[in-house]
């Protein structure tokens, strides 16, 4: 992952390391670097911020006579990337479920996103994570829109040994979530994971249905699942879903197939929401916590 972004960063490190660090010399190289970021799906606002950060840090103080300029450039890039990757708020899903268990109440998480992002599989991965940490889980099949969605969720639930609360297709999706939450409360279940219909962010009817689910379920966390391969469109999705229902965090899927990596750089900065997990494969264990410093080191090396 991040191969192309890493190559773009490597090129600018080499060029900056061989250049006198002045305004006149930096501007054309940083412009070239900005184009490289944009070509790798980094949003323009994020590319601007990264380049401004790098320039400010490189011009901030003179390079000592015996100082390694390449290491100085490396540090500037690390700091600039880390600043845009670190969201202003932190959301710890495992801490949240631990708190709710102490309160003897279920943690309610509603998952939203467009079709094809791997949302249902991601829900199964989160369920698997919670089960391995010793928490009980019930799934809510609130995607009553897409044919086969409930069967897909039930397939995952069977593998994991957990229950799905479901209603017939075309029934009230919010009612399914409501019933799942009541089931969890009456049976001492620690977490309710609510699947919703994958919707294009331009489909007003489905957006309104999603708002109703969130209004009825009153989730503690609303999580947007986005596809890393969607590039800059994933940033626009995050903005629209946040405006519609107020997302608390993002799970970025298919990062194992994304050689560019720009979406991971862009989302946290663009919507000021944390990336909670990264999907890095098709198996239930292929879900890893998002660590900004690990991502920065993967890119800058």
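Quickly run through region 20-44 and pick out the residues that are surrounded by fewer than 16 Cβ atoms within 10 Å (Cβ to Cβ) and at pLDDT below 85. Matches in region 20-44: 20, 22, 23, 24, 25. Answer with yes or no whether residue 204 is modelled with pLDDT under 85 and closer than 28 Å to residue 184 by Cα. Answer is no for this residue. Residues in region 249-296 that are in contact (Cβ under 8 Å) with a residue 24 or more places away in the chain, within 28 Å of residue 72 (Cα to Cα), out of contact with any strand residue (DSSP E or B) (no Cβ under 7 Å at 6 or more places or on another chain) and assigned to a helix (DSSP H, G or I): 9 in all.
Does residue 223 satisfy being touching a residue at least 24 places away in the same chain (Cβ under 8 Å), surrounded by 18 or more Cβ atoms within 10 Å (Cβ to Cβ) and not assigned by TED's automatic domain parsing to the domain that holds residue 176? Spell out how you get there, then give the answer.
Working: touching a residue at least 24 places away in the same chain (Cβ under 8 Å): yes; surrounded by 18 or more Cβ atoms within 10 Å (Cβ to Cβ): yes; not assigned by TED's automatic domain parsing to the domain that holds residue 176: no.
Against the criterion (touching a residue at least 24 places away in the same chain (Cβ under 8 Å), surrounded by 18 or more Cβ atoms within 10 Å (Cβ to Cβ) and not assigned by TED's automatic domain parsing to the domain that holds residue 176), residue 223 does not qualify.
Condition check for residue 81 on (1) touching a strand residue (DSSP E or B) at 6+ places or on another chain (Cβ under 9 Å); (2) within 28 Å of residue 281 (Cα to Cα); (3) assigned to a helix (DSSP H, G or I): one failure, at (1).
Looking across region 7-40, just one residue is part of a loop (DSSP other than H, G, I, E, B) and either under 31 Å from the mean Cα position of the chain (by Cα) or touching a residue at least 60 places away in the same chain (Cβ under 8 Å) (or both), and that is 40.
Determine, yes or no, whether residue 299 is more than 30 Å from residue 174 (Cβ to Cβ) and either in a helix (DSSP H, G or I) or touching a residue at least 60 places away in the same chain (Cβ under 8 Å) (or both). Break it down stepwise before answering.
Details: more than 30 Å from residue 174 (Cβ to Cβ): yes; either in a helix (DSSP H, G or I) or touching a residue at least 60 places away in the same chain (Cβ under 8 Å) (or both): yes.
Yes: the conditions hold for residue 299.
Candidates 47, 8: the one that is under 28 Å from residue 294 (Cβ atoms), at pLDDT below 85 and crowded, with 16+ Cβ neighbours inside 10 Å is 8.
Tell me, which residue of region 85-106 that is part of a helix (DSSP H, G or I) and free of Cβ contacts under 8 Å to residues at least 24 places away in the same chain is surrounded by the fewest Cβ atoms within 10 Å (Cβ to Cβ)? It would help to see each step written out before you state the result.
Within region 85-106, the first condition is being part of a helix (DSSP H, G or I), and the residues that meet it are 85, 93-102.
Of the ones still in play, those that are also free of Cβ contacts under 8 Å to residues at least 24 places away in the same chain are 95, 98-99, 102.
Working: 95: 10, 98: 16, 99: 13, 102: 8.
Of everything passing the filter in region 85-106, 102 is surrounded by the fewest Cβ atoms within 10 Å (Cβ to Cβ).
Among the listed residues 137, 126, 164, which satisfies the condition of being within 23 Å of residue 280 (Cα to Cα) and in contact with a helix residue (DSSP H, G or I) (Cβ under 7 Å, 6 or more places away or on another chain)? 137 is the lone residue from the list that is within 23 Å of residue 280 (Cα to Cα) and in contact with a helix residue (DSSP H, G or I) (Cβ under 7 Å, 6 or more places away or on another chain).
The values are calculated or read from the model by the stated rules, or taken from the named source; none is laboratory data. The model shown is predicted, which means the values in this text are computed figures rather than measured ones. Cβ sites come from the backbone with ideal geometry, for glycine too, and all protein chains shown count toward neighbours.
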